[in-house]
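**Student:** Starting off with a structure, shown below.
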Amino acid sequence: MFFSKTTAFGLSLGFCLPFLIALGCYGHVIVVLCRTNTTDKVLKQKCLKLLFILILLYSVCYIPYHVLKNLNLWSRVLLNQRLCREWSNGVYIAHRISRGLVCLNSALNPLVYLHGDENIPAQLRRLLQRARQAALRPSSTPSQVPLM
């Protein structure tokens, strides 16, 4: 009985609640975008596409982790009962791999936003050029460095 209560509590707080909050917020943005007639149609479609990709990315990265976490817990219970030893190792390895998906979500979100804005790559190139130019300049002597 403890296993099922812990699993349900962890799944509710660890996945369902954050997913429903994110879905509610993104859903509200989608409703506002669809109701607004003053927004450019192309911009509106880009925003809706971005929101869909973010929701899909969140789902793809987090659902396998939580499913495999629960399967891993269940396989440990079965292992203590000396059942399904082969299955337990495979589930454990899959659960460990799925933990990387959660981290991947955090790494991919900025890239999704970066891909959605055409100005960001140009600004990044300019910033890198300025940094390269600053690095190539001869270093200044201590007397030339302004004090704040």
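**Student:** Find the residue count for segment 55-69, including only residues that are touching a Leu at 6+ places or on another chain (Cβ under 7 Å) and either within 11 Å of Ser98 (Cβ to Cβ) or among the acidic types (Asp, Glu) (or both).
**Tutor:** 4
**Student:** Looking at this structure, is Leu33 in contact with a Cys (Cβ under 9 Å, 6 or more places away or on another chain), within 23 Å of Asn109 (Cα to Cα) and either assigned to a helix (DSSP H, G or I) or at pLDDT 85 or above (or both)?
**Tutor:** Against the criterion (in contact with a Cys (Cβ under 9 Å, 6 or more places away or on another chain), within 23 Å of Asn109 (Cα to Cα) and either assigned to a helix (DSSP H, G or I) or at pLDDT 85 or above (or both)), Leu33 qualifies.
**Student:** Something else: Within segment 88-105, is even one residue within 17 Å of Ala22 (Cβ to Cβ), part of a helix (DSSP H, G or I) and out of contact with any helix residue (DSSP H, G or I) (no Cβ under 9 Å at 6 or more places or on another chain)? Before you say what the answer is, go through the steps one by one.
**Tutor:** First, pick out the residues of segment 88-105 that are within 17 Å of Ala22 (Cβ to Cβ): 101-102, 104-105.
Pick out the ones that are also part of a helix (DSSP H, G or I) and you get 101-102, 104-105.
Filter once more, so that each one left must be out of contact with any helix residue (DSSP H, G or I) (no Cβ under 9 Å at 6 or more places or on another chain): none.
Looking through segment 88-105, none of the residues is within 17 Å of Ala22 (Cβ to Cβ), part of a helix (DSSP H, G or I) and out of contact with any helix residue (DSSP H, G or I) (no Cβ under 9 Å at 6 or more places or on another chain).
Yes/no matrix, rows are residues, columns are (1) surrounded by 13 or more Cβ atoms within 10 Å (Cβ to Cβ); (2) among the β-branched types (Val, Ile, Thr); (3) under 21 Å from Ser59 (Cα atoms):
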residue	(1), (2), (3)
Gly100	no, no, yes
Gly116	yes, no, yes
Ala122	no, no, no
Leu136	no, no, no
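**Student:** Taking the condition of being among the charged types (D, E, K, R) and either part of a loop (DSSP other than H, G, I, E, B) or touching a His at 6+ places or on another chain (Cβ under 8 Å) (or both), how many residues in segment 36-53 meet it?
**Tutor:** Qualifying residue count for the region: 1.
**Student:** What single numbered condition from (1) surrounded by 15 or more Cβ atoms within 10 Å (Cβ to Cβ); (2) touching a residue at least 12 places away in the same chain (Cβ under 8 Å) fails to hold for Leu79?
**Tutor:** Of (1) surrounded by 15 or more Cβ atoms within 10 Å (Cβ to Cβ); (2) touching a residue at least 12 places away in the same chain (Cβ under 8 Å), only one is false for Leu79: (2).
**Student:** Checking the conditions here, which among Leu13, Leu56 is loosely packed, with under 15 Cβ neighbours inside 10 Å, modelled with pLDDT of 90 or more and assigned to a helix (DSSP H, G or I)?
**Tutor:** Going through Leu13, Leu56 in turn, just one is loosely packed, with under 15 Cβ neighbours inside 10 Å, modelled with pLDDT of 90 or more and assigned to a helix (DSSP H, G or I): Leu56.
The values are calculated or read from the model by the stated rules, or taken from the named source; none is laboratory data. Here the structure is a predicted model, which is why all the values come from computation and not from measurement. Please note: Cβ atoms are built from the backbone with ideal geometry, for glycine as well, and neighbour counts cover all protein chains shown.
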